[in-house]
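The structure under discussion appears below in the form of structure tokens.
The values are calculated or read from the model by the stated rules, or taken from the named source; none is laboratory data. No experiment lies behind these values; they were computed from the predicted model shown. Backbone-built Cβ (ideal geometry, glycine too); neighbour counts: all protein chains shown. All accessible areas refer to the heavy atoms of the entire protein, side chains included, with ligands and DNA or RNA removed. Shrake-Rupley method; radii C 1.70, N 1.55, O 1.52, S 1.80 Å.
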Amino acid sequence: MRILLPTGSATVEIVNKAAEGMDAVVVVTGKIASFLTPAQLEGLLCDGGYDMALVSGMCTASFTEVEQRTGIPVYRGPRHALISP
């Protein structure tokens, strides 16, 4: 299962570490992950053969139409990216 993980430059290192060992692609979409727009996400999904996308839990945009147009489920992840000790 190929997963798209769009994130911000502020959290890219944490998300990369969390994605280790998974078939996941981490893409920086701006400084802050929660500012991701449906148009940005749809463009990324159309380019990569993904099975699902996991966006920031802080995103306030609705990705329902993106799911309907692409057929790819979009889930909200955690609200904060944290490094485990």
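Things worth noting here:
- Listed candidates [x] 9.6; [y] 5.1; [z] 6.0 - label of the one calculated as mean projected area of the Cα convex hull in nm²: [y]
- For the chain, carbon and sulfur atoms together expose 55% of the accessible surface, with a 1.4 angstrom probe and every protein chain in place.
- Selected from Leu44, Phe63, Ile3, residue furthest toward positive end of dipole (the chain; charges at beta carbon): Phe63
- With protein chains left intact and a 1.4 Å probe, residues in the chain average 61 Å² of accessible area per residue.
- Sites Ala10 and Ala39 - FRET efficiency at Förster radius 30 Å, r taken between beta-carbons, to 0.05: 0.90
- The charge dipole of the chain, taken about its Cα centre with unit charges on the Cβ of Lys, Arg, Asp and Glu (plus for the first two, minus for the last two), comes to roughly 260 debye.
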